[in-house]
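Below: one structure, written as structure tokens.
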Amino acid sequence: MKDEYEATPGRSRRLGGALGAILGMVTMSSVAALLVTVAVTPALALSGMTATNTINMFENLPSYLALEQLSQKSNIFARQADGTPVLMASFYEQNRVEVGSDAISPFAKDAVVSSEDPRFLEHGGIDLQGTVNGAITTFAGGDTRGGSSITQQYVKNVLIQKCETMADPEESAICYHSAIEISASRKLKEMRMAIGMEKEYSKDDILRGYLNITGFGGTVYGIEAAANYYFATNAANLTLPQAASLIAIVNNPVRYQLDRPASETNGIANGYADNKERRDYILGEMLQYKKISAADHDAAVAAPIEPIITPPSTGCVTAGANAFFCDYVTRVLKTNTTFGADEETRLANFRLGGYNVYTSLDLEVQAAAVDTMNRNVPKVSVRGDIGAVISSVEVGTGRILAMTQNKDYSQDPDVLETGTNYTSLNYNTDKNMGGSSGFQPGSTYKVFTLAEWLSTGHALGERVDSRLKANWGDFQDSCLGTQNYNSQGWNPRNDSRSETGANYSALESTINSYNTGFIGMAKRLDLCGIKKRAESFGIHRADGGTLLQSAATVIGTNEIAPLTMAVAFAGIANNGTTCSPIVIDQITGADGAELPVPQSTCEQSVEPGVAAGMTYAMQRVMTSGTARTSYYGTSPRVPMIGKTGTTDSGADTWTSGASSKVATVVGVVSLTGKLAQRTFSFPSGPASTARHRMWPDVMSVANAKYGGDPFPDATSAVINGVPVSVPDVRGMQLARAKSVIEGAGFGFADGGVTESDMPVGTVVRSDPSGSTYKGTTITVFTSSGTPVVVPEPTPAPTQPPTNNGGGGVVPDVPPAQRGRQG
């Protein structure tokens, strides 16, 4: 059956509404203005305005009001492996779900028309009879009130909505005051716009719009959200008493809303008496205007009011273990230029909402991260404020697959005060994205010095001076000038005190994470070049400051967000091409149309050949170096790269690595002070090795789902270098020869004494000599000072000549060679 509210703009009305119809048809005439003047005469008398002024004002007022998108609830989803969306959270300025007319119960439509505007179908936007009655009441009581048609109320709500979506608070407040002020001019403006609206839209459109925009108490707006919130149903399935109770709220939300069970006047103890009184009045009006039968009326009046308050999924706190990821998504929506060219536009779009946001979160990898975090690192420790983080990024796309930490999420100051298990900060991200000021990544940062080392033509096998010392001398810096730290007594060493050699190769330093080895490498590089190389992998400080450059930063003293490090390791695994992180796969707007989303930008950080050298060394870290516990704890195992890091005193510990498909960073950090992780344990085991328990858990799931390919082979030139001349150290004293050989990038070994008539202790020979690869160990032999005695040869016995029958003389030939004589 056709809905009685379906009508085309300007359709004919019944005779009973002739006066309103005339007003609707003669909207631009002075007659219409005069009628309006009559309607608001009491208010005019109070304001001192004349009828002529009113007519002029009315004719000059705008008659058209554009209906814009309503502020609505937005939803954030992850997707299961089969593509099924899973709601994580919703957020909104106004809890509203806009629905079509056919999704609204006829009971609700009839209730609002019967109680608010019985002549709705008859007038042309202004119920003149109701307006005059309301004006008389106003005049009698000294206040402007009552008499507004549904169309007028809709106009007022639309104007208020426009004000509430303004980004500038001051501008919004001025606009709001103008929209609600008690004045004849505001009333005239509403009337003119109501008449214009009736000419543009059908009654059904206006009624649907009104029910979608009007407030139902608190942050609940629109009939659908009200049905969800108060009765755990939807607008289409509202019963008659439920619909009447909801429409009752519209009249005075504070007095009639049903979510205050302790209220003395409108609570559970008295059967929500205030709302019931208004509800029953509405039911009586519906009966009077023949919208319901007497039997239906009596049954509805007898029905108790039994709200089922169902708070909506509000904000990221409802995302539970995925809350910090959710928070990051909302900040992308508010800050990325894809959603608006400037902050004001983005904020306005965010307030309007209506988005369905489908994210990159992999629920399986995320579940593994959350589970291992909960099992291995407590939210609160008696040893101090300990933090832990996990970030996983898809190689080649920048899609964030997992993000979690060992804290509960809240943005509520009162909740945050209840315990250190709560935080509003996302430790995985930059400060301007809701994160902290970052953490020192320790030796995981060394990979950028390795990248610069190989990019500038050095090889993995090349050796450097890596002795422990406090007088490293000058470091070259093309940006800041030569740097020297001798006066500071700077003596870098590993936290584990593992350096015992004096001439490590770049490969050895990477596998075993030797600090002095990397400082020796930095001595041959440009500190500014190392910084720029790190930046090419997307590295930046979490606090937004300038990335620091010094010899100390080589071993990881900049504060970096874990997500940033995960992106960089994904770049290494991606043949040296780094892709910026993205978190949104798809967005649809309130109208269902797909919207543009931020795209990852990928840039070449190092040449593929250099990346192959890096992955060659970093695979060795996994199989035989400092990350072998993480590597052998992973199943299934695919080719993987990695690097570990430990800051001073074991305050922060890291395992960062990747397959060719997924990169993961795991860290356990000191949130305040420096907690020596080697000195205490969690229930799961030593604090310092928690990273090695968590990283395999995450990567095992990632490997099982995404697999992993072999990394490209590194060339001999990258591994060994190009053959170069070995210094000729013959005749030098041993100490001098050692210095020359090591200074040229070779290893040195003392081969001992050999007999020679050269002066005692001087170098006689080296092996190999001539040319070989940098980093090769050159064995040096020194003279004993004793010449080599060569014995005189013993003469062979004289033999008589042998006649072989040919008349010639043939010398005696050893038996073994006789058969080969020609």
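Taking one quarter of the surface of the convex hull spanned by the alpha-carbon atoms of the range 577-646 gives a direction-averaged projected area of 7.8 nm². At q = 0.13, 0.23, 0.25, 0.28 Å⁻¹, what log₁₀ I(q)/I(0) does a Debye calculation on the Cα points of the range 294-361 give, no solvent, two decimals? Those come out to -0.55, -1.08, -1.16, -1.23, one per q.
Out of the total accessible area of the range 622-724 (probe 1.4 Å, heavy atoms of protein only), what percent is carbon and sulfur?
Working: 2020 of 3770 Å².
Its accessible area is 54 percent carbon and sulfur atoms.
Legend: P(r) of the range 705-763 from all alpha carbon pair distances, 10 Å bins from 0, whole percents, reading 18, 33, 20, 13, 9, 5, 2. In the full protein context, the range 360-426 carries 37 Å² of accessible surface per residue, based on a 1.4 Å probe and ignoring ligands, DNA and RNA.
Could you tell me what percent of the accessible area of the range 226-349 is made up of carbon and sulfur, with a 1.4 Å probe and every protein chain present? Don't skip to the answer; put the middle values down first.
Details: 2990 of 5690 Å².
Carbon with sulfur: 53 percent of the solvent-accessible area.
Peptides 218-225, 377-384 ranked from most to least packed give 218-225, 377-384, packing being the mean of other C-beta atoms within 10 angstrom over each peptide's residues. Cα convex hull, the range 222-350: 155 Å³ per residue, rounded to a whole number.
According to the calculation over all Cα-Cα pairs in the range 671-773, the P(r) per 10 Å bin from zero is 11, 23, 13, 14, 21, 14, 3 %. Annotation for the range 451-538: chymotrypsin sites (Phe, Trp or Tyr not before Pro) lying in DSSP loop with at most 16 further Cβ atoms inside 10 Å of their Cβ are 490.
Ordering of 352-359, 751-758 by packing is 352-359, 751-758, highest average first (other Cβ atoms within 10 Å, averaged per residue).
Taking a Cβ cut-off of under 12 Å around residue 301, the surrounding Lys, Arg, Asp and Glu residues balance to a net charge of -2, with basic ones at +1 and acidic ones at -1. A Förster radius of 45 Å, combined with the Cβ-Cβ distance separating residue 342 from residue 237, puts the computed FRET efficiency at roughly 0.60.
Using only Cα coordinates, the Kirkwood hydrodynamic radius of the range 577-695 works out to 16.9 Å.
I need the calculated FRET efficiency for the pair residue 335 and residue 749, taking r as the beta carbon distance and R₀ as 45 Å, to the nearest 0.05. Intermediate results must be reported in sequence, preceding the final value.
Values: r = 58 Å, r/R0 = 1.29.
E between residue 335 and residue 749, to the nearest 0.05, is 0.20.
Alpha-carbon geometry of the range 147-263: the Rg and the Dmax are 15.4, 46 Å, given in that order. Taking a ≥ b ≥ c as the square roots of the eigenvalues of the alpha-carbon gyration tensor, the range 439-478 is classed rounded because a/c is under 1.5. Each 5 Å bin from zero holds the following percent of Cα-Cα pairs in the range 648-724: 3, 13, 18, 14, 12, 11, 11, 9, 6, 2, 0. May I ask you to work out the translational diffusion coefficient for the range 624-665 at 4 °C, viscosity 1.567 mPa s, via Stokes-Einstein with Rh from the Kirkwood sum over Cα pairs, reported in whole µm²/s? For the chosen part, D equals 117 µm²/s.
Each semi-axis of the equivalent ellipsoid for the range 467-588 is √(5λ) with λ an eigenvalue of the Cα gyration tensor; in descending order they amount to 30, 17, 13 Å.
Rg/Rh, computed from the Cα trace of the range 358-496 with Rh as the Kirkwood radius, has the value 1.08.
Rolling a 1.4 angstrom probe over the protein heavy atoms with all chains in place gives the range 580-683 an accessible area of 38 Å² per residue. Report the net charge of residues surrounding residue 233, where surrounding means a beta-carbon distance below 14 angstrom and charges are Lys +1, Arg +1, Asp -1, Glu -1. Spelling it out: positives minus negatives among the neighbours equals -2. Each other residue within a Cβ distance under 13 Å of residue 337 adds +1 if Lys or Arg and -1 if Asp or Glu, for a net charge of -1. Compactness check for the range 449-524: Cα Rg over 2.2 N^0.38 Å is 1.08.
The values are calculated or read from the model by the stated rules, or taken from the named source; none is laboratory data. These numbers were taken from a predicted model, which means no experiment stands behind them. Virtual Cβ from ideal backbone geometry, glycine too; neighbours counted across all protein chains shown. Protein only, heavy atoms only, side chains kept; ligands, DNA and RNA dropped before computing areas. Shrake-Rupley method; radii C 1.70, N 1.55, O 1.52, S 1.80 Å.
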